[in-house]
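Here's the structure we're looking at; comments come further down.
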C-alpha cells in the first residue's frame, strides 16, 4: 500500500494487536542491484530483526519483471535476515503496469513462474517466499494458471486479492473465486480485498474457505479490526485509546517526513478513520485546511481529553 501503510503506520497498528505478520509496501526493482540502504529505508524493521517494535514480523515485498535482477536483489535482501520475501503481482496502478510491474504480469503466468523460481533459488530455504496476486488483469481467464505457476515455482503462500486489475478497488470483492484457487493449489491461500468489518471478514472466510485473511485499508480505517476478527475484542477501539496512538504516529511523521508533507500524512489517516469514527470525521472537517504541524498537533491532541 504505497504512500499509505508504511513503517510508521505498521509500528502503530501492530501496537494495537491481532496482527500475525506484515508485508511492506513494494520495493521497485528495475535493472540494477539495489544497495542495502534502500531496503532498510523502506523497511527499517530490518534493523530490528525484521520485526516491528511490537514484535510482528515484516516481510519486504519486491516488484518488477526482470527475472535475474529480482533474484539478485532478493539474495541481497535475504542477507538482512527477513523472515520472508513477498513478490507483488497485484498492484493495479497504471504507472506500475505501464513499466511491466504488478498486475499486468497476470497475463504472463510463465514469466511469473520464472520470477518466483529464480527468487526461491536465490534465497536460503529458511526464508519464506510468497506472492500477492489478483484474480487477473482485465479478466479472470488465467487465475488458476497464475496460482499454479506460483505454487510450482516453490512459493509457500499466496495472497489473493479478490478482484481483477480492471475492477480496481470497486466493490464487491469476489471472495468465492478464491475458493477455486484453494482447490487448485495445495499451499496456504490468504484472502484479501474489501474487508472493512468483522462481518466482511466472516463472509470472506465463508466464501473463500480461507482461514487466513490479509487486511489493508480496513485496518487503517479501524485499527482494532484484526483483534475483533480474531475474536480477542468485542467493541471497536475507543477514540480515547486511539488518540495516543495517533500522537505516536504523528511524532514519528514529524521526525522522518519532510515538513511540507507532515500535515498531509495525519489528515490522510484521519480521512480513513472517518469510515469508523465520527470523531475522526469531525476532526478532519476542523483540520482540513490546517497544514502547520504544530497547530495540527495542538488542536488534535493537546486540546482534547487524553492529550
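The values are calculated or read from the model by the stated rules, or taken from the named source; none is laboratory data. The model shown is predicted, which means the values in this text are computed figures rather than measured ones. Every residue, glycine among them, receives a Cβ derived from its backbone with ideal geometry; neighbour counts consider all protein chains shown.
Go through the stretch 140-180 and count every residue that is within 26 Å of residue 71 (Cα to Cα) and in contact with a strand residue (DSSP E or B) (Cβ under 8 Å, 6 or more places away or on another chain). Full working, then the answer.
Step one: list which residues in the stretch 140-180 are within 26 Å of residue 71 (Cα to Cα), which gives 142-161, 165.
Narrowing the set further to residues that are in contact with a strand residue (DSSP E or B) (Cβ under 8 Å, 6 or more places away or on another chain) leaves 142-143, 146-147, 150-151, 154-161, 165.
Qualifying residue count for the region: 15.
Please verify whether residue 180 is closer than 25 Å to residue 293 by Cα and either outside the structural domain of residue 91 (by TED's automatic domain parsing) or part of a helix (DSSP H, G or I) (or both), treating the condition exactly as stated. Steps first, answer last, please.
Details: closer than 25 Å to residue 293 by Cα: no; either outside the structural domain of residue 91 (by TED's automatic domain parsing) or part of a helix (DSSP H, G or I) (or both): yes.
For residue 180, the condition - closer than 25 Å to residue 293 by Cα and either outside the structural domain of residue 91 (by TED's automatic domain parsing) or part of a helix (DSSP H, G or I) (or both) - is not met.
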#### Entry: Only one of 207, 233 that is at pLDDT 95 or above and outside any strand (DSSP E or B)
207
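Taking the stretch 199-211, which residues are on the phi < 0 side of the Ramachandran plot and surrounded by fewer than 19 Cβ atoms within 10 Å (Cβ to Cβ)? Spell out the reasoning first.
Step one: list which residues in the stretch 199-211 are on the phi < 0 side of the Ramachandran plot, which gives 199-208, 210-211.
Selection gives 199, 202, 203, 205, 206, 207, 211.
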### Message
So for the stretch 212-231 (the condition being crowded, with 17+ Cβ neighbours inside 10 Å and in contact with a strand residue (DSSP E or B) (Cβ under 6 Å, 6 or more places away or on another chain)), does at least one residue qualify?
### Response
yes
### Message
Out of the residues in the stretch 3-29 meeting the condition of being at pLDDT below 95 and surrounded by fewer than 15 Cβ atoms within 10 Å (Cβ to Cβ), tell me which one is nearest to residue 273 (Cα to Cα).
### Response
4
### Task
Being surrounded by 17 or more Cβ atoms within 10 Å (Cβ to Cβ) and in a helix (DSSP H, G or I) is the filter; apply it to the stretch 41-58 and report the residue that is nearest to the chain's Cα centre (by Cα).
42
